[in-house]
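Visitor: Quick one: this structure, given as structure tokens, is what I'll be asking you about.
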Amino acid sequence: NRRKKKDANILEIPSIPNPFPELCCSPFASVLSASLLPKATSRKKQIIKVYSEDDTSRALEVPSDITARDVCQLLILKNHYIDDHSWTLFEQLTHTGLGRAIEDHELVMEVQSNWGMEEDNRLYFRKYYAKYEFFKNPVSFFPDHMMSFSSETNAAISHSGILQMFLNSSTYPEIHGYLHAKEQGKKSWKKLYFLLRRSGLYFSTKGTSKEPRHLQFFCEFSNSDMYMSLTGKKISGAPTNYGFCFKPNKSGGTRDPKQLCADDEQSRTCWMTAVRLLKYGIQLYQNYMQPYQGRSGCSPLNITPMRSISENSLVAMDFSGHRSRVIENPTEALSVAVEEGLAWRRRGCLRLNSHSSPTAMSNIGMSIHRSQSWFHHKISRDEAQRLILQHGLVDGVFLVRDSQSNPKTFVLSLSHGLKIKHFQIVPLEDDGKLFYTLDDGHTRFTDLIQLVEFYQLNKGVLPCKLKHYCARIAV
């Protein structure tokens, strides 16, 4: 009876609800409500820092699975930039002086996960015009003397056919030539004959022999990322300034990069482009085609590349009549540009207040170029070459800078044929008026803006037209 009374008293005590039912029930019971379950669409957010050319930075909260292309699109929208499909996220390894353009489909968090805690590495947001240029102009990227094909392949193959082989065929074209390789654990470099095949990169132990017994494996690319040397000979002691390397991106094993060095820019560009195509294959073409999706008539490798916005806007027009017309004659275009430039300058002078001195008004044309994105004040020749290289060695990439050797002149630095050329812009005084010229006074311009706009429309004495300017953008 006592036991029954005791049990009755216990039952009369009100029960306390368990605040953690999921910890006390069977693992097979469904105790989590729908509100406690994580949403299928929720993604973990992380913070990344992105730098611009002027070393300003911006912190972004992004999903953990965001791609490099999505980061670029986010920054384009936030900064109200024009999307001409050349914006790129660039990875720079500060300590080793290496850098690479991150592929559009790569996950940014995976790239950062390969960084060491002590390394001061950075992500840069900039334009890179050479990212997919080999799809538009393969002739410049694959010289005939560096390529060979299997015996069953027709030797007279077009460059578009070469790209088809890179992307679709099992008979991968063979890239061959001499490269300088840094010996592991040593400071010395050795010149060897290399061959790039679908199975990896090899070098010959006996001259230029391609016999299997003379080929030694150098590296494969599935677990490595390819970087370009940004410092030339300074850090690695390379014999030339055209270095690149393969750096393992997986934990375990050696983390030392395998460094190579080419004799010229054309050779380096060919090797690096072929490795990209070998590693990513059709994914690269899909990245290139993504901006063109939905356009009619876009068949693989046969599309007409969309003209950039800068090219579309640089057409000389005449609006003086009832109907507008395109000015085809370069001489007429130049005279119209001169007339418009003078009219624009006169309007600028009228906006000055009455206290402005005549000297200040005469200096308007001499300093107006400083506000232009393509002008870089007091940078050296090496800095100009580095800036153009970062934007990609595509024909027509340019900038204008002050001359360091002659303070009164300017220099036009221009990329053409995978080389950077420098042209001096000389001031010329005639009848009390100041002009600028590139061709010893045969063609004269009242200011640098007029000069740049003319050579954007006409090649003139230059090897190509001015197409893409290098700018120090801010994020």
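The values are calculated or read from the model by the stated rules, or taken from the named source; none is laboratory data. Everything numeric in this text was worked out from a predicted model, so none of it was measured. No Cβ is skipped: glycine too gets one built from the backbone with ideal geometry, and neighbour counts run over all protein chains shown. Remember, those area values only see protein heavy atoms, side chains included, never the ligands or the DNA or RNA. Shrake-Rupley method; radii C 1.70, N 1.55, O 1.52, S 1.80 Å.
Visitor: Where a ≥ b ≥ c are the square roots of the eigenvalues of the C-alpha gyration tensor, would you call segment 431-475 rounded, which needs a/c under 1.5, or, failing that, prolate if a/b is larger than b/c, or oblate?
Guide: Judged from the Cα gyration tensor, segment 431-475 comes out oblate (a/c at least 1.5, b/c at or above a/b).
Visitor: What FRET efficiency would be calculated for the residue pair Ser371, Asp431, taking the C-beta separation as r and a Förster radius of 25 Å, to the nearest 0.05? If you can, show how the numbers build up before the last one.
Guide: On the way: r = 28 Å, r/R0 = 1.12.
Efficiency at R0 = 25 Å is approximately 0.35.
Visitor: Another question, if that's okay. Let a ≥ b ≥ c be the square roots of the eigenvalues of the Cα gyration tensor of segment 368-469; is it rounded (a/c under 1.5), or, if not, prolate (a/b larger than b/c) or oblate?
Guide: prolate
Visitor: Let me ask something additional. For segment 76-119, run through the GluC sites (Glu not before Pro) and keep only the ones in DSSP coil with at most 13 other Cβ atoms within 10 Å of their Cβ. Don't skip to the answer; put the middle values down first.
Guide: Details: sites: Glu91, Glu103, Glu106, Glu110, Glu118, Glu119; in loops: Glu103, Glu106, Glu118, Glu119.
Listed in order of number, the matching sites are Glu118, Glu119.
Visitor: For a Förster distance of 30 Å, can you work out the FRET efficiency between the beta-carbons of Asn223 and Glu61, rounded to the nearest 0.05? Walk me through the numbers on the way to the answer.
Guide: Values: r = 30 Å, r/R0 = 1.01.
E(calc), rounded to 0.05, equals 0.50.
Visitor: Something else: How much accessible surface does Lys44 have with a 1.4 Å probe, in Å² rounded to 10?
Guide: 140
Visitor: Take Met117, Met226, Met317 and sort them by solvent-accessible surface of the protein heavy atoms, 1.4 Å probe, largest at the top.
Guide: Met117, Met317, Met226
Visitor: Another question, then. Rounded to the nearest 10 Å², what accessible area does Tyr129 show when all protein chains are kept and the probe is 1.4 Å?
Guide: 30
Visitor: Let me check something: with ligands and nucleic acids excluded, how do Glu211, Glu174 order by accessible area (1.4 Å probe), largest to smallest?
Guide: On the way: Glu211 85, Glu174 25 Å².
Reading off the accessible areas and sorting them downward yields Glu211, Glu174.
Visitor: Could I ask something else about it? With the crude spin-label approximation of a point 7 Å out along Cα→Cβ, what separation in nm comes out for Asp440 versus Lys190?
Guide: The answer from the label model is 5.2 nm.
Visitor: Classify segment 45-127 from the C-alpha gyration tensor, please: rounded if a/c falls under 1.5, else prolate or oblate depending on whether a/b exceeds b/c. It would help to have the intermediate numbers written out before the result.
Guide: Numbers: a/c = 1.58, a/b = 1.33, b/c = 1.19.
Here segment 45-127 falls in the prolate category.
Visitor: Give me the one-decimal nm value for the distance between modelled label points at Asn168 and Thr205, 7 Å along each residue's Cα-to-Cβ direction.
Guide: 4.0
Visitor: Rounded to the nearest 10 Å², what accessible area does Tyr51 show when all protein chains are kept and the probe is 1.4 Å?
Guide: Here the residue's solvent-accessible area equals roughly 40 Å².
Visitor: Go through Asp263, Asp144, Asp402 and list them by solvent-accessible area, largest first, probe radius 1.4 Å.
Guide: Asp144, Asp263, Asp402
Visitor: Place +1 on the Cβ of every Lys and Arg and -1 on the Cβ of every Asp and Glu in segment 421-475, take the dipole about the Cα centre, and give the residue among Thr437, Gln456, Ile473 whose Cα lies farthest towards its positive end.
Guide: Ile473
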